[in-house]
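The block underneath contains the structure these notes are about, expressed in structure tokens.
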Amino acid sequence: MCGIVGAVADRDISDILIEGLKRLEYRGYDSAGVALIDQGKLNIRKEVGKVAALEKVLSAEHAGHTGIAHTRWATHGKPTEANAHPHFSGDKLAVVHNGIIENHESLREELSSKGYVFASETDTETIAHLIHLLMEEGKSLLEAVKAAIPRLEGAYGLAVVHADDPERIVCARSGSPLVLGLGFGENFLASDQLALRQVTDRFVYLDEGDIAEITRTSHTIWNVDGQQVERPVERIQGKADSADKGGYRHFMLKEIFEQPAVVKNTLQGRLGSDHILEQSFGNGASDILDKVQSVQIVACGTSYHAGMVAKYWIEGIAGIPCRVEVASEFRYRKFVVSPGTLLVTISQSGETADTLAALRLAKELDYCATLTVCNVAQSSLVRESDLALMTEAGPEIGVASTKAFTTQLTALLILTVALGRRYAIDKVKEAAIVSALHSLPGTLATALELDDEICGIAETFADKHHALFLGRGIQWPIAMEGALKLKEISYIHAESYPAGELKHGPLALVDDDMPVVAVAPNDELLEKLKSNLEEVQARGGQLYVFADKQAGFKNESGLTVIPVPHSEEIVAPILYTLPLQLLSYHVAVFKGTDVDQPRNLAKSVTVE
């Protein structure tokens, strides 16, 4: 989950590295550091806190034509200067690392016995000392990295420099992404192409197990078998300004308001006037979908909530079985694969460690095929799945996911139709769903007009310590996502329950000091939901109900109604997500928390 940037150039690269780190702060931001080679000397500077703290202390002495930089999300050891990257061995070798080295303790014991002294609590420092030891035995930097890699167990994206080889960076990836950026007389590397968009639009994505070296004028790659290989150069079109807030106070608010546009982008090329365009799923998709008899969804966090919504759609509309499981649990338990099961992975980044491991596990089992719903076209999940349904959300900088979630839901509804037309969805029903999808971007834009009204009620949450979110049926996962957003960015403890479960325990928590938030579309469960909410009112609870304008709710003592535009029932889960996002955002602003970079979290979870 840490961010890595590296560069080899004719010019001073310190500003390039700092800008790259700023663009990678979504991956971690508890400390940052740079290592620059200048006139045969290795200069390292590290600071606790965000990249801005590092930028403030850099001076003219921190310059160089070759260097690596890192922004950290702590796994081993607290955020301290000693634990910050780069880590070094001697006064000439430095390493930055994203991932976890699982056998670091045995390596630490071995290296300590050979006289190496450890200055940090991290697993990464063992990599630096191991490479240094191998170079002391006479190996070059590249040879030492190649020899060290088989000794490392776990996940890593790493980059290494040495002052005696000042125009070269060696890097490797296994379980953590790395991309090379190609320039003219200069080359770069990073854990995400977003970090390099200000200097190049040409990228080479390393495959699992690749080792590479870059110089000013070349890049060379060796695969997991040690063979020199060529990887395709991909040109990234479009603007490189995704890291700009565009006049919004926070990235999260910008990304909330981008949702009508990105949902429209996700629909483009996939809908006809009254049917979905199945060929947009990719070559051979129809043959694969013909074989599907059931679906297994695997995901984490917000993406897991998207999978839970999809379960209601796939079973209730498409008419085939669907299971949903958290990836970190799925990969470590024994389970039975039913014949004709499609494995669906969901991830914004396409590099989520547990989800990627689940996909690789599926390759060894009897799944009929694999499909990923993902936002990054060059990611590992996309490259390793049989089919990919891209979400077209664009880069999402805010750590708390917003537009990635709604585009995931949009893509999953399209998948539901593609599967269901083979079972329970006829042309009339398909046309109705497609019509609802065509109108969805406009409905989302109308929902965003609630921003001022939601801001007005958010202040009442600012001094609260707990909140309860309720939903029924397919809206329960939406309530779960609303609770997750509130806890992520405001640090208010929030939980979600199916509204019918209130009387089985959670009702004991209800009092006039705990707000209860409910989502209430005008569906077949509305009357049952109203009965559940009356249980809250009877016990003095303070209700905030996001309700369809046609649902019949009215403001009264203890009940605040936020009227949501009417929508077709099939797309209501997507619609009701937006007001809950706005609520969480404004509560966090009132509390003064760091909205875009909440404590202890990171955007792309590439470690277990």
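The values are calculated or read from the model by the stated rules, or taken from the named source; none is laboratory data. In this text, all values refer to a predicted model and were calculated from it rather than measured experimentally. A quick note on method: Cβ atoms are made from the backbone with ideal geometry, for glycine too, and the neighbour counts reach across all protein chains shown.
For the stretch 433-463, a residue qualifies if it is touching a strand residue (DSSP E or B) at 6+ places or on another chain (Cβ under 6 Å) and of a type outside the set (A, V, I, L, M, F, W, C), but none of them does.
From the list Glu81, Glu125, the one residue that fits, being surrounded by fewer than 19 Cβ atoms within 10 Å (Cβ to Cβ) and among the charged types (D, E, K, R), is Glu81. Of the residues making up the stretch 142-164, at least one is hydrophobic (A, V, I, L, M, F, W, C), under 23 Å from Ala82 (Cβ atoms), crowded, with 19+ Cβ neighbours inside 10 Å and in contact with a His (Cβ under 7 Å, 6 or more places away or on another chain). Find the residue count for the stretch 183-221, including only residues that are part of a strand (DSSP E or B) and either within 23 Å of Gly350 (Cα to Cα) or outside the structural domain of Gly64 (by the TED database) (or both). So the answer is 10.
Counting only strands (runs of 3 or more DSSP E) that sit wholly inside the stretch 494-584, those with at least 2 residues that are among the β-branched types (Val, Ile, Thr) and either surrounded by 16 or more Cβ atoms within 10 Å (Cβ to Cβ) or at pLDDT 85 or above (or both) are 515-520, 559-564.
Residue under question is Pro339, and the condition is that it be of a type outside the set (Gly, Ala, Ser) and within 19 Å of Asp386 (Cβ to Cβ); does it hold? Answer is yes for this residue. For the condition modelled with pLDDT of 90 or more, crowded, with 24+ Cβ neighbours inside 10 Å and closer than 24 Å to Ser89 by Cα, Leu42 does not qualify. Within the stretch 152-182, track down each residue that is outside any strand (DSSP E or B) and in contact with an Asp or Glu (Cβ under 9 Å, 6 or more places away or on another chain). Answer for the stretch 152-182, where residues must be outside any strand (DSSP E or B) and in contact with an Asp or Glu (Cβ under 9 Å, 6 or more places away or on another chain): Leu152, Glu153, Ala163, Pro166, Arg168, Ser176, Pro177, Leu178. Only one of the listed residues (Val298, Val326, Val336) is of a type in the set (Val, Ile, Thr) and free of Cβ contacts under 8 Å to residues at least 12 places away in the same chain. That residue is Val336. If the condition is being touching a strand residue (DSSP E or B) at 6+ places or on another chain (Cβ under 7 Å) and free of Cβ contacts under 8 Å to residues at least 40 places away in the same chain, then the stretch 183-220 contributes Thr200, Asp201, Arg202, Val204, Leu206, Gly209, Asp210, His219, Thr220.
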